[in-house]
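Worksheet: the structure to be examined is printed underneath.
Derivation of every value follows stated rules applied to the coordinates shown; laboratory data play no part. Since the model is a prediction, treat every value here as computed from it, not as a measurement. Every residue, glycine as well, gets a Cβ built from its backbone with ideal geometry; the counts of neighbours run over all protein chains shown.
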């Protein structure tokens, strides 16, 4: 089996077994295309000939492009790590299938990633955003979207795929289908419930109907949500995007409750390490309060 055929077989298996989003599957394909391009350049016609040293060579080329190319053409450390993750998943699959008897990525490390803390809105900024209205016939839909985003911490794809049958407005609950086709039940706050009831009163709220409709009654597209949010947040000091509302939800929940496991469940994170990024945000906030309030803790500001 050629390397290309092996990758296609893996992608088919990956799609069937894990049910990833179209975005995730496309990212895996792009990353593995880079691996295939490198193997072709090196004259490697089989994964059996791929070694850890060869993998390190590939990473060095992608991270530090050849002389004459602008530095910006090299991949960021996060992209290199994602590429390595895709390669390792491929190699494990080939090993299980009996098509590879060694691990080409054994001992291979990517460049160190400097993890950036997600940007969030404070409580006043979040309140101002969800209460902003552009007026017109789309105003009820906009308000319901913003309130539900902030109330329940949905992913953009989860919000776009929501149907009225997924909502129980009397009990204040929503059922969402997240990554890996995993279902979770989330609470919906009273302001979001009120906004959704107002939207439902306009009609077209049958169980199989999309909650947030775009053109021709089809589910709203992620791009449309991004555009509406950009307009709604145009008066904000921060550039707001849909995932920032999810970050804001998580940060405010953790700040108020201190219950990391519950926040993990609400967000649908498989690994609690993903949720722990919000503990750094919480500490950052506390450190700022401490520095501003304690008379002997104020740090000298650099000119």
Cα→Cβ-extended label distance, 7 Å offset, between residue 22 and residue 177, nm: 1.4 nm
With a ≥ b ≥ c taken as the square roots of the eigenvalues of the C-alpha gyration tensor of the stretch 3-96, please select rounded if a/c is under 1.5 and otherwise prolate if a/b is larger than b/c or oblate if it is not? oblate
C-alpha center-to-center spacing [the stretch 150-200, the stretch 222-237] in angstrom: 20 Å
Distance from the Cα centre of the stretch 1-69 to that of the stretch 105-135, in angstrom? 29 Å
Using a Förster distance of 51 Å, how high is the FRET efficiency between residue 198 and residue 8, based on the Cβ-Cβ distance and rounded to 0.05? 0.60
With labels modelled as points extended 7 Å from the Cα through the Cβ direction, what inter-label distance (nm, one decimal) is found for residue 223 paired with residue 109? 4.2 nm
Which whole-number percent is the relative contact order of the stretch 171-269 (Cα, under 8 Å, 6+ apart)? 16 percent
Where a label projected 7 Å from the Cα of residue 255 along Cα→Cβ would reach, residues of the stretch 212-238 with amide N under 15 Å: 238
Mean separation of Cα pairs under 8 Å and 6+ residues apart, divided by the residue count of the stretch 123-291: what relative contact order is that in percent? 24 percent
For the residue pair residue 36 and residue 230, what label-to-label distance in nm results when each label sits 7 Å from Cα along the Cα-to-beta-carbon direction? 3.3 nm
